[in-house]
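Read-outs: derived from the displayed coordinates by stated rules, not from any lab. Bear in mind the structure is a predicted one, so any value in this text is a computation, not a measurement. Cβ: placed from backbone, ideal geometry, glycine included. Neighbour counts: every protein chain shown.
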Amino acid sequence: MSIAELIWVEKYRPSRIDDIIDQEEVKERVKQLLKTGNMPHMLFYGPPGTGKTTMALAIARELYGDAWRENVLELNASDERGITTIRERVKEFARTAPMGKAPYKLIILDEADNMTSDAQQALRRMMEMYANVTRFILIANYVSRIIDPIQSRCAMFRFSPLPKDAVLGRLRDIASREGVKVTDEALEAIWDISQGDMRKAINTLQAATATAREITPEVVYKTVGYIEPKDIVDLVNIALNGDFIRARDKLRTLMYEHGVSGTEILRVIQRQIMSGAINVPDEAKVEIAETAADIDYRLTEGSDEEIQLSAFLARLMLIGKKYGLVTGKETKAPAKKR
Ligand SMILES: Nc1ncnc2c1ncn2[C@@H]1O[C@H](COP(=O)(O)OP(=O)(O)OP(=O)(O)O)[C@@H](O)[C@H]1O
């Protein structure tokens, strides 16, 4: 078995443009451009794990068929030692003629936004110098870090974070092909971790399968070393209910036994408030969110974590009192499916 078959992100990387999930607008425009036979330089930008490299490789297959490897130079701007090595490699690559029907070869340059602007100026000259025999596909996370003269020489394509149903659909599909049992709650947990980053989602699923044959939220969070959101929701509810001592004990357990950082606790609280898992009136949500932001800032300034988080719990207690939130209820772990 090759490495590509062992690593699921590679094994399940779509090889044709039409098989790329979502990114409909990008797919349409790319197909139109390929039809004209006169492909411009391209700049793909957007968050990680959304299909930029996958699209670049699918274009290569479309252009050259089986001979794509000989016609493509893949470079990573962060790995190459400076613009001089990039220049040498491009020069060497552009010396030989393309094989197959396309009259040019393809250079895929990943992490182009990590190049200094001087290096990007040199890159721009290379793009001009070799324009008759090569086309560049530049890949970046942040388009604002790419200098204007390069932007103006490229057709620009924005990749969006993938929507939840697309990510979960793909994960279900992979799990069934791999014979892995994964509960709906576990898929939710993976989404909580990956959001619209498909690489992270698939990697998390694969890593979780190394630990257990049936994937549950507990397995997922444990695999990535994250805390389960329900523990944090409980912590917040205990504090809102006015039981400060118990909330502080739970906080200590989370911090010292599970090794969760204060920042991580605040991050999860913010997200759980937004998702509605912490069930309080909107005014209280605003106050909690503001308090969390305030505490987060103090942590970045180097304040003691336990003191700050304890102060946060005390503020939650006051908010709970103000809005009459004494419910006596704690969330329970979702019932396990049989
Ligand atoms: N739109 C998509 N459709 C199907 N699979 C995808 C998609 N986007 C990402 N993937 C999966 O995630 C893996 C990584 O995607 P890809 O290398 O294209 O990300 P990228 O956008 O280039 O990220 P980076 O900015 O980190 O380079 C792919 O191998 C594939 O398995």
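Annotations
- Calculated diffusion of the range 10-158, Stokes-Einstein form, Kirkwood radius summed over Cα pairs, 37 °C and 0.692 mPa s, µm²/s: 213 µm²/s
- Reachable aspartates and glutamates, given that their alpha-carbon falls under 15 Å from the alpha-carbon of Lys31 and they are not under 8 places away in the same chain: Asp18, Asp19, Asp22, Glu62
- Treating r as the C-beta distance of Arg153 and Glu10 and R0 as 25 Å, the FRET efficiency rounds to 0.20.
- Three-way shape call for the range 229-323 based on the alpha-carbon gyration tensor, with the a/c threshold at 1.5: rounded
- Bins of 10 Å, starting at 0 and running to the largest distance - Cα pair percent for the range 164-224: 27, 65, 8
- Within the shell of other residues whose beta carbon sits under 15 angstrom from the beta carbon of Arg95, the net charge comes to +1, with Lys and Arg scored +1 and Asp and Glu -1.
- Hydrodynamic analysis of the chain uses the Kirkwood radius over alpha carbon pairs. Inserted into Stokes-Einstein at 4 °C and 1.567 mPa s, it gives a translational diffusion coefficient of 56 µm²/s.
- For the residue pairs Lys222/Lys285; Lys200/Lys322; Lys164/Lys285, the C-alpha atoms sit more than 30 angstrom apart in Lys200/Lys322.
- GNM top mover of Leu299, Leu235, Leu168 - the chain, alpha-carbon springs below 10 Å: Leu299
- Low-density loop positions, trypsin sites (Lys or Arg not before Pro), the range 49-110 - DSSP coil, at most 11 other Cβ in 10 Å: Arg81, Arg95, Lys101
- The Cβ shell under 12 Å around Leu33 holds other residues with a net charge of +3, Lys and Arg each +1, Asp and Glu each -1.
- Result for the chain in a Gaussian network model with C-alpha springs under 10 Å: among Gly51, Gly179, Gly196, the largest mean-square fluctuation is at Gly179.
- The GluC sites (Glu not before Pro) of the range 257-329 meeting both criteria, a DSSP state outside H, G, I, E and B (loop) and at most 16 other C-beta atoms within 10 angstrom of the site's C-beta, are Glu301.
- Shape call, the range 133-251: gyration tensor on alpha carbons, a/c limit 1.5: oblate
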